[in-house]
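First the structure, in the form of structure tokens, and then the observations on it.
The values are calculated or read from the model by the stated rules, or taken from the named source; none is laboratory data. Remember, it's a predicted structure, so these values are computed and weren't measured experimentally. Here the Cβ positions follow ideal geometry from the backbone for every residue, glycine too, while neighbour counts run over all protein chains shown. To get the accessible areas, we keep the full protein, side chains included, count just its heavy atoms, and leave off ligands, DNA and RNA. Shrake-Rupley method; radii C 1.70, N 1.55, O 1.52, S 1.80 Å.
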Amino acid sequence: MKAMIFAAGRGERMRPLTDTCPKPLLKVRGRPLITWHVLNLVRAGMPDIVINHSHLGHMIEEELGDGSRYGARIVYSHEPTPLETAGGIANALHLLGDEPFLAVSGDIYAPYFDFSQVKDVLKDTDAVGQPIPPEKRDIAWLYLTPNPWHNPDGDFGLTMYTLSNDGNPKWNFSNIGVYRPEMFDGIKPGEVSRLGPLMRKFIDLGRIGGEIYDGQWVNVGTVRQLEELNAPPGSLPKAGA
């Protein structure tokens, strides 16, 4: 399975740090956020990685290169203008291939997430081995977390591994998911397109599954969060913070 790391965002809330450094290269515990993902993907047996970038993207390429020093094989999808998440995926599909792929945001810190668990979440057969019609298969599988302070109302409900747009309680989308390429068939390469509306469309069709991840997870969105993560041991935010 290939993986895509999103690294094209501007990181407005992290300014002035992101004026001179792309957000995924900001360091936590002496290591760029994006490098934590690369190392964990390689550890999970997923060395083939696509990284999209835009703002200061050359710095990401200079830092990671072709990935060989990490045991990875990295290729890049440059966006002259950021295409949003779904647009970024559609623009990179020629690099991702025809099989389901993992996608993860380059600015989240989840050092203990085991990426090996994502490899078989999208099933083509049912519990007794019968083929599932393509139009009824899960088209995506999302990992949810307890709601962080910046998203107290959550994003999606979850019942028996099936997501809903309504429901109580709601959980936070972790920005870690597995997707079938056909989910993005309606988006042209170079087109700006957000992932949220597309996910909600397929959730309404009953075609997106998911599960809860309750390990350490931080969406690094503010300078204060970055400072907290780099504070002395014992002061790290709890899971979902």
Scaled radius of gyration (Cα, divided by 2.2 N^0.38 Å) that the stretch 118-241 gives: 1.22
Please report, in debye to the nearest 20, how large the charge dipole of the chain is about its Cα centre when each Lys and Arg carries +1 at its beta carbon and each Asp and Glu carries -1 there. 420
Whole-number D in µm² s⁻¹ for the stretch 98-176, Kirkwood Cα-pair radius fed into Stokes-Einstein, 25 °C, 0.890 mPa s: 170
How much net charge surrounds LEU144 when only other residues with a Cβ under 11 Å from its Cβ are counted (Lys, Arg +1; Asp, Glu -1)? -2
Pairs from LYS27/LYS188; LYS2/LYS123; LYS2/LYS23; LYS123/LYS170; LYS23/LYS136; LYS23/LYS170 whose Cα-Cα separation, in the structure shown, is over 26 Å: LYS27/LYS188; LYS23/LYS136; LYS23/LYS170
Averaged per residue, what accessible area in Å² does the stretch 43-117 show with a 1.4 Å probe, protein chains only? 42
What accessible area, in Å² to the nearest ten, does a 1.4 Å probe give for GLU211? 40
The farthest towards the positive end of the charge dipole of the stretch 1-153, of the residues GLY11, PRO32, VAL118, given +1 on Cβ of Lys and Arg and -1 on Cβ of Asp and Glu, is PRO32
Quote the accessible area belonging to GLU12 in square angstrom, nearest 10, computed with a 1.4 Å probe and with ligands, DNA and RNA left uncounted. 110
Using the reciprocal of the averaged 1/r over all distinct C-alpha pairs, how large is the Kirkwood radius of the stretch 49-130 in Å? 14.9
Where the Cα atoms of the stretch 1-92 are projected onto their three principal axes, how long is each span, largest first, in whole Å? 35, 33, 18
Within 10 Å, Cβ to Cβ, of ALA72, how many net charges do the neighbouring residues add up to if Lys/Arg are +1 and Asp/Glu are -1? 0
About the Cα centre, charge dipole magnitude for the stretch 1-126 (Lys/Arg +1, Asp/Glu -1 at Cβ), debye: 560
If unit charges are put on Cβ atoms (+1 for Lys and Arg, -1 for Asp and Glu) and the dipole of the stretch 81-222 is taken about its Cα centre, the option from ILE187, PHE101, VAL218 lying farthest towards the positive end turns out to be ILE187
Taking Cα atoms, the helix 195-204 axis meets the longest principal axis of the chain at an angle in degrees (rounded to 10) of 20
Measure off, as a whole percent, the carbon and sulfur share of the 1.4 Å-probe accessible area of the stretch 102-195, all protein chains present. 50
Calculate for the chain the 222 nm mean residue ellipticity that helices alone would give, adding -39,500 (n - 2.57) per DSSP H run of length 4 or more and normalising by residue count, nearest 500 deg cm²/dmol. -6000 deg cm²/dmol
